1. Which angle from 0 to 90°, rounded to the nearest 10, does the C-alpha axis of helix 62-79 make with the longest principal axis of the chain?
2. Taking only C-alpha pairs under 8 Å that are 6+ residues apart, what is the relative contact order of the chain in percent?
3. With a ≥ b ≥ c the root eigenvalues of the C-alpha gyration tensor of the stretch 44-115, is it rounded (a/c under 1.5), prolate (a/b larger than b/c) or oblate?
4. Where does helix 102-119 land angle-wise versus the long Cα axis of the chain, in degrees 0 to 90, nearest 10?
5. Which shape class, rounded, prolate or oblate, goes with the stretch 64-150 when its Cα gyration tensor gives a ≥ b ≥ c as root eigenvalues, a/c under 1.5 marks rounded, and past that a/b bigger than b/c marks prolate?
6. Based on alpha-carbon centroids, what's the gap between the stretch 110-156 and the stretch 32-89 in Å, whole number please?
7. So what is Rg over Rh here for the stretch 1-90, counting just Cα atoms and using Kirkwood for Rh?
8. In whole Å, what are the extents of the stretch 75-114 along the principal axes defined by its C-alpha atoms, from largest to smallest?
Amino acid sequence: DRGKEAIALNGVANVLWRQGDLDAALKVYEGVVTIHRERGDRARMATVLGNVAIVLQDQGHLYQAKAKFEESLEIIRQIGDKPGLARTLGNLGELLVRQGDLPNAKKRFSEHLAVAEEMDDNRQRGYALFGLGEALMAEGDLNGARARHEAGLAVRTKMGAKSVSAESHLAQIGRA
């Protein structure tokens, strides 16, 4: 069963990535993408393309990572996967901040926030607000950044998400 094989291999790649063996993780993820492409499973293929992008980003291959995120994003839009859309917009926004493309980072985080609002998903809302805060901070808009980080902290605190609430809190005090 190639579908189950791909799911199992994706798990192996996840472990390799967490252990820091990025080259091996990338090779396995790319094989998983091939299996999903052959099977026509576009939803899983889009998810794993996002995993490929994250590994490429971790390796410092930012332009290749961006291309994989955009490929994943295109598929996700075509199939109407809103949770995948939110997650990928956020990941792409983070990458764009790292590349210094702040206008497009803000655009992606704003789209991320709109999707989170549409889904009424506080977890994604918190991530989007945090990302917007980071992009605005990098741009030098301290008031805008503070407002987004405060809003993100409020959402995350209300959810009881302690680790990401701490991340939002640190973003505020670290820039006070």
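1. Around 80 degrees separate the two axes.
2. So the answer I get is 12 percent.
3. Cα axes put the stretch 44-115 in the oblate bin.
4. 80
5. It comes out oblate by the Cα gyration axes.
6. If we compute the Cα centre of each part, the gap is 23 Å.
7. 0.95
8. If we take the Cα atoms of the stretch 75-114, the spans are 30, 17, 13 Å.
Where a number appears in this text, it was derived from the coordinates with a stated rule and is not lab data. Keep in mind it's a predicted model, so treat the numbers as computed, not measured. Quick reminder, even Gly has a Cβ in these numbers, built from the backbone with ideal geometry, and neighbours come from all protein chains shown.
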